Amino acid sequence: MGVEVRDDMKSRFQAELSRIESYASENNMVYKLIGDALIVVTDIAYWKITYLPEWQSFALHHGNSIPSDVNPETYIDADYHFQRDMRNGTNIFGLLVYIMRHDEYRLSLIEKVEEMPRRTKKQKAEYKAMKQIEMNYNHAIILQMQSATKLILSA
């Protein structure tokens with residue numbers, strides 16, 4: 001009789017834990033394995049990674065708003081959408097790299113909001129929408145700092 005090898009989220013997470021810890025620390029990501037989901041919080045987004053054992057791959061879900069709290073437990077039941085442009089990954093580390101690149105791109109759009117053209121009605125609407133995202137992001141950063149301070153003080 002051989003040893004049964006588990007193929008679930010927890011065992012996959014534990015197999016990659018040292019790489020996950022290192023990458024998350026270097027990139028200011030907060031994460032927590034909650035049940036069968038890995039919740040990842042960055043400055044600009046929150047994400048849920050789930051494992052699909054029948055396909056031996058991971059599915060990535062993107063949060064529908066900018067996080068206002070750094071505690072991953074806040075986002076376990078939050079609203080998500082499937083991240084269509086990211087095919088199911090074969091490892092968590094690859095998904096973390098994708099998350100960072102995605103967030104860097106989104107942040108670069110926010111930082112360039114004043115460079116957006118505003119001549120046509122459509123351009124003005126796009127500028128206004130991006131200004132709202134910028135305002136939401138700046139507000140969320142303040143809330144994240146307050147949340148992080150509370151976590152540090154309670155530890």
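Some observations on this one:
- Hypothetical label at ARG87: residues of the stretch 18-59 whose amide nitrogen lies under 17 Å (7 Å Cα-Cβ projection): 52, 55-59
- Calculated SAXS-style log₁₀ I(q)/I(0) at q = 0.19, 0.20 Å⁻¹ - the stretch 47-96, Debye, Cα scatterers: -0.65, -0.71
- As computed over the chain, the Cα convex hull volume per residue (Å³): 132
- Carbon + sulfur, % of accessible area of the chain - ligands and nucleic acids excluded, 1.4 Å: 53
- From its DSSP helices (H runs of at least four residues, each -39,500 (n - 2.57)), the chain gives a residue-normalised ellipticity at 222 nm of -16500 deg cm²/dmol.
- Residues in the stretch 101-112 carry Karplus couplings, in order, of 5, 4, 5, 4, 5, 4, 5, 5, 5, 5, 5, 9 Hz; the curve used is 6.51 cos²θ - 1.76 cosθ + 1.60 with θ = phi - 60°, and Gly or Pro positions show x.
- Efficiency of FRET between ILE34 and ASN138 - r from beta-carbon atoms, R0 30 angstrom, step 0.05: 0.60
- Annotation for LYS131 and SER25: the two label points, set 7 Å from Cα along the Cα-Cβ direction, are 4.3 nm apart.
- Net charge dipole, the chain: roughly 780 debye, given to the nearest 20, about the Cα centre with Cβ charges of +1 for Lys and Arg and -1 for Asp and Glu.
- Per-selection Rg to Rh, the stretch 62-121 - Cα, Kirkwood hydrodynamic radius: 1.06
- Solvent-accessible area of SER18 with every protein chain in place, 1.4 Å probe, in Å² to the nearest 10: 90
The values are calculated or read from the model by the stated rules, or taken from the named source; none is laboratory data. Being a predicted model, the structure only gives us computed values, none of them experimental. Cβ sites come from the backbone with ideal geometry, for glycine too, and all protein chains shown count toward neighbours. In case anyone asks, the SASA skips ligands and DNA or RNA and just uses the protein heavy atoms, side chains included. Shrake-Rupley method; radii C 1.70, N 1.55, O 1.52, S 1.80 Å.
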